[in-house]
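Single-structure report; data block below.
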Amino acid sequence: MISGALLAAMLLAEPEAFTLQWSAPEGCPTQEEAHQRLATALGDASGPPLDAGAVITETDDARFLLTLTLSRDGVTEGTRTLEGESCVELSDAAILIVAIAVDP
């Protein structure tokens, strides 16, 4: 049985300001790490949820490529492609771009 306080907290909880689908090679930040860093950066931001999809791949010349797609309510707002020397560099860029898109 759910207590009254728990039920009230569940009903009053704000939906998360974003969803994040994350794919990156081994050695890069994980889905959980990226999600946590973004949640920390945003704090208690609210509004229509932003759906972000980030895919980081390693290129043949040992560089990394980020493809970041942002959408809201099922409508794609944009896709960005960035190239960098490290996966961490691109992870930082992805988190910054998503944070600004959620809460300019």
Rg/Rg_ref, the chain, where Rg_ref = 2.2 N^0.38 Å and atoms are Cα: 1.25
Accessible-area composition of the chain, carbon plus sulfur, in percent [1.4 Å probe]: 56
Karplus-derived 3J(HN,Hα), 6.51/-1.76/1.60, for each residue of segment 20-36, Hz, glycine and proline x: 9, 9, 10, 9, 8, x, 4, x, 8, x, 7, 3, 5, 5, 5, 4, 5
Considering only the chain, percent of DSSP beta bridges that pair antiparallel, nearest 5: 75
Model label zone, L82; criterion: amide N under 18 Å from point 7 Å along Cα-to-beta-carbon; scope segment 44-66: 51-59, 63-66
Per-residue [θ]222 nm for the chain (sum of -39500 (n - 2.57) over DSSP H runs n ≥ 4, rounded to 500): -11000 deg cm²/dmol
Over the chain, relative contact order from alpha-carbon pairs under 8 Å, at least 6 apart, %: 26
Net charge over other residues, Cβ less than 15 angstrom from the Cβ of D61 (K, R count +1; D, E count -1): -3
For segment 32-91, the Rg and Dmax computed from alpha carbons only, in angstrom: 13.3, 40
Probe 1.4 Å, protein heavy atoms only - accessible area per residue of the chain in square angstrom: 63
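The values are calculated or read from the model by the stated rules, or taken from the named source; none is laboratory data. Given the structure is predicted, the values throughout are model-derived calculations rather than measurements. As a convention, Cβ positions derive from the backbone with ideal geometry for all residues, glycine included, and neighbour counts pool all protein chains shown. For the accessible areas, the whole protein counts, side chains as well, though only heavy atoms, and no ligand, DNA or RNA atoms are used. Shrake-Rupley method; radii C 1.70, N 1.55, O 1.52, S 1.80 Å.
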